[in-house]
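Take a look at the structure set out below.
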């Protein structure tokens, strides 16, 4: 997230969402829905907020018809990905979170980057590796037949304290039913990765996730939700490592070859 005019206020909009403890629904673009679209109208704070409103409507009503539809790319209304995003889920919010996961499950086919799809596809994602949230989400999603995507942090230092994060044994168990995805070691943005910490923040996490999940991670996300930038060392390294897809604030897109 930057302070450039098109994305001014984006960080506050993302972090201040009043649904953050029960699952934030977000309609995401994929390459087919971006075909012929002017990026200046999509990858902005206004675009993010519009997609957030669409995500809430799709979750609550099962349709994208209504306000904001006319201002959205037509393909997005036909073939969206509905992502339900979790970070920390306090115990008192878990009943609502479960209800949302059940509702998302019934809205469309699961998203898989290797398989084309149409109509709503759904992506349930858990970010940052909070231990109690991760164990709750993994068990619940497995019981509901939902293959979820987990983007854990892997550093051995706070914040948060290591005991609050999923350990390797727990991540390996989660990886048997779900997908382990890249999110850096200590919650870095792509622009913050330098040659000095490349091994710690990118190379070692990808290696560990590969070992724990039984295969290389397919999806990645940076703190701040940036799209791929060829000028970024972190993004170029993900491409060299073969990570195929990047999740941003607005989209889930292939890493350019």
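The values are calculated or read from the model by the stated rules, or taken from the named source; none is laboratory data. Everything numeric in this text was worked out from a predicted model, so none of it was measured. Cβ placement follows ideal geometry from the backbone for every residue including glycine, while neighbour counts extend to all protein chains displayed.
The residue list 86, 111 contains one member that is modelled with pLDDT of 95 or more, surrounded by 13 or more Cβ atoms within 10 Å (Cβ to Cβ) and out of contact with any helix residue (DSSP H, G or I) (no Cβ under 7 Å at 6 or more places or on another chain), which is 111. When residue 116 is tested against (1) surrounded by 13 or more Cβ atoms within 10 Å (Cβ to Cβ); (2) modelled with pLDDT under 90; (3) under 19 Å from the mean Cα position of the chain (by Cα), only condition (1) is not met. None of 77, 135, 140, 49 is within 30 Å of residue 172 (Cβ to Cβ), assigned to a helix (DSSP H, G or I) and without any contact (Cβ under 8 Å) to a residue 40 or more places away in the chain except 135. Taking the criterion of being under 24 Å from residue 79 (Cα atoms) and in contact with a strand residue (DSSP E or B) (Cβ under 9 Å, 6 or more places away or on another chain), the residues of the range 90-102 that qualify are 100, 101. Total residues in the range 213-227 satisfying the condition of being crowded, with 21+ Cβ neighbours inside 10 Å and in contact with a helix residue (DSSP H, G or I) (Cβ under 6 Å, 6 or more places away or on another chain): the figure is 4. Out of curiosity, is residue 17 in a loop (DSSP other than H, G, I, E, B) and either within 18 Å of residue 224 (Cβ to Cβ) or within 17 Å of the chain's Cα centre (by Cα) (or both)? When the stated conditions are applied, residue 17 passes them.
Please state which one of 217, 230, 158 is at pLDDT 95 or above and either closer than 22 Å to residue 87 by Cα or assigned to a strand (DSSP E or B) (or both). Even if it seems obvious, please write down each step before you answer.
Values: 230 fails: either closer than 22 Å to residue 87 by Cα or assigned to a strand (DSSP E or B) (or both); 158 fails: at pLDDT 95 or above.
Every option except 217 fails the conditions.
With the condition kept exactly as written, say whether any residue in the range 59-74 is under 18 Å from the mean Cα position of the chain (by Cα) and in contact (Cβ under 8 Å) with a residue 60 or more places away in the chain. No, the range 59-74 contains no residue that is under 18 Å from the mean Cα position of the chain (by Cα) and in contact (Cβ under 8 Å) with a residue 60 or more places away in the chain.
Taking the range 26-44, which residues are outside any strand (DSSP E or B), under 17 Å from the mean Cα position of the chain (by Cα) and buried (at least 19 other Cβ atoms within 10 Å of the Cβ)? I'd like the intermediate steps shown before the answer.
In the first step, residues of the range 26-44 are kept if they are outside any strand (DSSP E or B); the result is 30-44.
Next, only the ones that are under 17 Å from the mean Cα position of the chain (by Cα) stay: 30-31, 43.
Hits for the range 26-44 are 30, 43.
Close contacts from the range 198-213, counting a first residue that is without any contact (Cβ under 8 Å) to a residue 40 or more places away in the chain and a second that is part of a helix (DSSP H, G or I) and surrounded by fewer than 20 Cβ atoms within 10 Å (Cβ to Cβ), with Cβ to Cβ under 8 Å and a gap of 6+ residues or different chains, come to 198/233; 198/237; 202/237; 202/241; 203/237; 203/241; 206/241.
Within the range 187-200, the set of residues being crowded, with 18+ Cβ neighbours inside 10 Å and under 18 Å from the mean Cα position of the chain (by Cα) comprises 187, 188, 190. Do you know which residues across the range 246-257 are surrounded by fewer than 21 Cβ atoms within 10 Å (Cβ to Cβ) and under 16 Å from residue 202 (Cβ atoms)? Of everything in the range 246-257, just one residue is surrounded by fewer than 21 Cβ atoms within 10 Å (Cβ to Cβ) and under 16 Å from residue 202 (Cβ atoms), namely 255.
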